[in-house]
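The values are calculated or read from the model by the stated rules, or taken from the named source; none is laboratory data. Quick caveat, the model's predicted, so the values are computed rather than measured. Cβ atoms come from the backbone with ideal geometry, glycine included; neighbour counts cover every protein chain shown. We work out accessible area using only protein heavy atoms, side chains counted, and drop any ligands, DNA or RNA first. Shrake-Rupley method; radii C 1.70, N 1.55, O 1.52, S 1.80 Å.
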Amino acid sequence: MKILILNGPNLNLLGTREPEIYGHTTLADIEARCMALGAELGAEITCRQSNAEHALVEEIQQARGAFDAIIINAAAYTHTSVAIHDALKASGLRIMEVHLSNIHAREAFRHHSHISPIAEGVICGLGVMGYEAAIRALTA
Ligand code: DQA
């Protein structure tokens with residue numbers, strides 16, 4: 001099982017970005033925890049982050065054939081990007097959508113996700129554990 005973990009815009013700022021919402025864990029910490037869990041469960045984990053929508057689309061296009069599944073926190077693009085929706089759908093891969101915060105308990109503009117309709121699972125509000133739950137679900 002090869003899993004690509006994709007993180008979108010501003011998630012490189014985790015640790016210092018609105019810690020009351022996103023906590024104090026850095027993206028490097030999240031990625032290290034995911035790599036460790038992957039090793040434990042026999043999954044090969046690759047982590048990528050970009051602030052650019054086109055770069056995320058490129059990563060998704062290149063994932064086809066190279067990975068079995070994508071765990072994606074598209075951050076703000078979740079709510080806006082038809083391009084990322086289309087790329088994920090075209091990939092034919094298993095898709096897990098993750099958000100650190102509970103997007104449904106926040107502003108109305110965060111309630112809609114372009115990714116949820118094509119995701120196998122959607123996890124939000126569990127912080128870092130959301131990524132770990134997605135890895136566990138994919139390797140179950
Ligand atoms: C987020 C939620 C999004 O609404 C927001 O734009 C983010 C992070 C989360 O992980 O909770 O950047 O995806």
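Model label sites at Arg106 and Ala66, defined 7 Å from Cα along the beta-carbon direction, differ in position by 2.8 nm.
Sorted on the mean count of surrounding Cβ atoms within 10 Å across their residues, most packed first, peptides 129-138, 61-70, 107-116, 6-15 read 129-138, 6-15, 61-70, 107-116.
Amide H contacts of Ile123 (H built 1.01 Å from N, in plane; Pro and chain starts excluded): Glu97, Val98, His99 sit under 5 Å, all sequence-distant by 5 or more or on other chains.
Entry comment: accessible area of the range 14-118 is 49 Å² per residue, from protein heavy atoms only and a probe of 1.4 Å.
Ignoring ligands, DNA and RNA, what percent of the accessible area of the chain is carbon or sulfur (1.4 Å)? That share works out to 53 percent. Maximal additional length on extending the Lys2-Glu20 stretch stands at 3.2 nm, based on 0.36 nm per residue less the C-alpha distance.
Might you work out the accessible area of Ser101 for me, using a 1.4 Å probe with all protein chains in place, and round it to the nearest 10 Å²? Probe radius 1.4 Å; accessible area of Ser101 about 10 Å². Between His54 and Ala133, the distance separating the two model label sites (each 7 Å from Cα on the Cα→Cβ line) works out to 3.6 nm. Under the criterion of Cα pairs below 8 Å and six or more residues apart, the relative contact order for the range 11-71 equals 20 percent.
Let a ≥ b ≥ c be the square roots of the eigenvalues of the Cα gyration tensor of the range 27-140; is it rounded (a/c under 1.5), or, if not, prolate (a/b larger than b/c) or oblate? Oblate shape, in that a/c is at least 1.5 and b/c is the bigger or equal ratio.
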